[in-house]
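What follows is a single structure, written as structure tokens, with notes after it.
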Amino acid sequence: MQPSCILTVNGGSSSIRCAIYEGNASNNVHPITRIKLDGVGHREATLSVFASDNSQATSIVDASSFDKAIDVLMDLLTSMDQARKVDAIGHRIVHGMQHTQPQLIDQDLYNELQQLHSIDPEHLPFELALVKAFTNRFKDVPQIACFDTVFHRSIPEVARILPLPASYRNDEIERYGFHGLSYAYLMQQLGTMDADIAVHGRVVLAHLGNGASLAAVQNGQCVDTTMSFTPASGIMMSTRSGDIDPGVLYYLCKSRGVSLDDLQHSLNHGAGMLGVSGVSGDIRKLLEIEGSNANAALAIAMFCYQIRKCIGAYAAALGGLDTLVFAGGIGENSAVIRSRICEELAFIGIRLDSEMNDGNHLVISSKQSIPVRVIRTDEELMIANLVMQFNPNQMASQGKG
């Protein structure tokens, strides 16, 4: 039988989001409780619990290490009546390599994912630590991996294959793309708003948050995306460099003596808008000080420029554009960033309505424009839906790492 109570787990490098959903006979789910732990790695992290009636309880907790953060979360969940009813757990797993659908987390899959730590050291170790913790606390509950990379498996070879020497290239080194759970949700929502464009149109999706990427979708299938082999690639982000000349990396290692570990850390945690501004990777902070800080202004301008350039490139790849969608923390909430991205895109039919944009409306484009939408993404709901649709026969014989 299908699960009737689903727990979703979405672990990031600095936060953990969980939600408990009830399912019904029609395979629909609705949230009962949402939990967010912000500030993982800090002694004063914020733990927020949101009930279905929109009430909120917030407390300050010690999450100075991953282990402490997991303990805080587990103590909360095991004290909740709803959590005791959970009969399936869905995990967001950022890097799924060539998996094309959600998969039961058994020992083989767990071991396989452990081998990918060097590819995604920023996400996978923490995600697998969460899997192990939930295995220990919810011993008889099947856990399902929902991969961020699945959405992008339709990308054709011309965009998927990386131009490496044959001696380096193998079946695993290619463009994978990420934010796939968000993109899948956005396309579902777009289908309820304009089914014809969702199924037959040319769409650019922009998931803009601390991690940021864009995807080009044609006839409902992803055909290209900015992130590649790892989530550090693509456009510049809050603290990630995005794409960078490989010669720079060689120079830093060879001539400046930068170690590979230091390079990995710097490109993920000290680059991007933080690296350019020297102040912050938070777009809100940078917008506050851009008038008096030239480096902050430059960081914002570079971020918007790279996104605008990518939208134009994807319009070329798609042979035109029918809809642009903004999502993610920045894409959903920053009218000024959306405006700056779109202000020079009239040549591909994009014109914003300033009043609609400032009001964060669902459609922020003018009547003379192709539709430009703002859709609030919901990765947890997407995970719950995937778990609800998961073949129950695959849950029958579980074994977890």
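Can you confirm whether the range 340-363 contains a residue that is farther than 30 Å from G201 by Cβ, open to solvent by less than 40 Å² (accessible area, probe 1.4 Å) and of a type in the set (A, V, I, L, M, F, W, C)? Looking through the range 340-363, none of the residues is farther than 30 Å from G201 by Cβ, open to solvent by less than 40 Å² (accessible area, probe 1.4 Å) and of a type in the set (A, V, I, L, M, F, W, C). Yes or no: the range 20-28 includes at least one residue that is closer than 24 Å to H123 by Cβ and not in a helix (DSSP H, G or I). Yes; the residues of the range 20-28 include at least one that is closer than 24 Å to H123 by Cβ and not in a helix (DSSP H, G or I).
Looking at the structure I just gave you, is D67 part of a helix (DSSP H, G or I) and under 24 Å from the mean Cα position of the chain (by Cα)?
yes
Of Y314, Y305, Y251, all but one fail to be open to solvent by less than 20 Å² (accessible area, probe 1.4 Å) and in a helix (DSSP H, G or I); the exception is Y314. Note on the range 136-192: residues that are more than 17 Å from N219 (Cα to Cα) and either part of a loop (DSSP other than H, G, I, E, B) or modelled with pLDDT under 95 (or both) amount to 28.
Does at least one position in the range 230-247 carry a residue that is open to solvent by 50 Å² or more (accessible area, probe 1.4 Å), part of a loop (DSSP other than H, G, I, E, B) and in contact with a Phe, Trp or Tyr (Cβ under 7 Å, 6 or more places away or on another chain)? No, because not a single residue in the range 230-247 is open to solvent by 50 Å² or more (accessible area, probe 1.4 Å), part of a loop (DSSP other than H, G, I, E, B) and in contact with a Phe, Trp or Tyr (Cβ under 7 Å, 6 or more places away or on another chain).
Condition check ((1) under 30 Å from G270 (Cα atoms); (2) open to solvent by 40 Å² or more (accessible area, probe 1.4 Å); (3) out of contact with any strand residue (DSSP E or B) (no Cβ under 7 Å at 6 or more places or on another chain); (4) modelled with pLDDT of 95 or more) across all residues:
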site	(1), (2), (3), (4)
V40	yes, no, no, no
S55	no, yes, yes, no
I70	yes, no, yes, no
D75	no, yes, yes, no
G90	no, no, no, yes
G96	yes, no, no, no
Q107	no, yes, yes, no
E112	yes, yes, yes, no
L116	yes, no, yes, no
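All conditions but one from (1) farther than 16 Å from A133 by Cβ; (2) out of contact with any strand residue (DSSP E or B) (no Cβ under 6 Å at 6 or more places or on another chain); (3) crowded, with 22+ Cβ neighbours inside 10 Å apply to Y21; the one that does not is (2). When R175, R169 are checked against the criterion of being surrounded by fewer than 24 Cβ atoms within 10 Å (Cβ to Cβ), more than 17 Å from D378 (Cβ to Cβ), of a type in the set (K, R) and free of Cβ contacts under 8 Å to residues at least 40 places away in the same chain, a single residue qualifies: R169.
Quick one: would you say S15 is modelled with pLDDT under 90, open to solvent by less than 40 Å² (accessible area, probe 1.4 Å) and out of contact with any Ser or Thr (no Cβ under 7 Å at 6 or more places or on another chain)? In short, yes.
Put simply, of H117, H179, H207 the only residue that is over 29 Å from L362 (Cα atoms) and not polar (S, T, N, Q) is H117.
Restricting E344, E288 to those that are over 26 Å from F178 (Cβ atoms), of a type outside the set (A, V, I, L, M, F, W, C) and in a loop (DSSP other than H, G, I, E, B) reduces the list to E344.
T46 passes every criterion in (1) β-branched (V, I, T); (2) within 21 Å of N268 (Cβ to Cβ); (3) open to solvent by 40 Å² or more (accessible area, probe 1.4 Å) apart from (2). Only one entry of A206, A215, A198 meets the criterion of being outside any loop (DSSP other than H, G, I, E, B), closer than 27 Å to L113 by Cβ and open to solvent by less than 50 Å² (accessible area, probe 1.4 Å), and that entry is A215. The sole residue among F126, F151, F138 that is in contact with a helix residue (DSSP H, G or I) (Cβ under 6 Å, 6 or more places away or on another chain) and open to solvent by 10 Å² or more (accessible area, probe 1.4 Å) is F151.
The values are calculated or read from the model by the stated rules, or taken from the named source; none is laboratory data. This one's a predicted model, so the numbers in the text were calculated from it and none came from an experiment. No Cβ is skipped: glycine too gets one built from the backbone with ideal geometry, and neighbour counts run over all protein chains shown. Heads up: the accessible areas ignore ligands, DNA and RNA and are worked out on the full protein's heavy atoms, side chains in. Shrake-Rupley method; radii C 1.70, N 1.55, O 1.52, S 1.80 Å.
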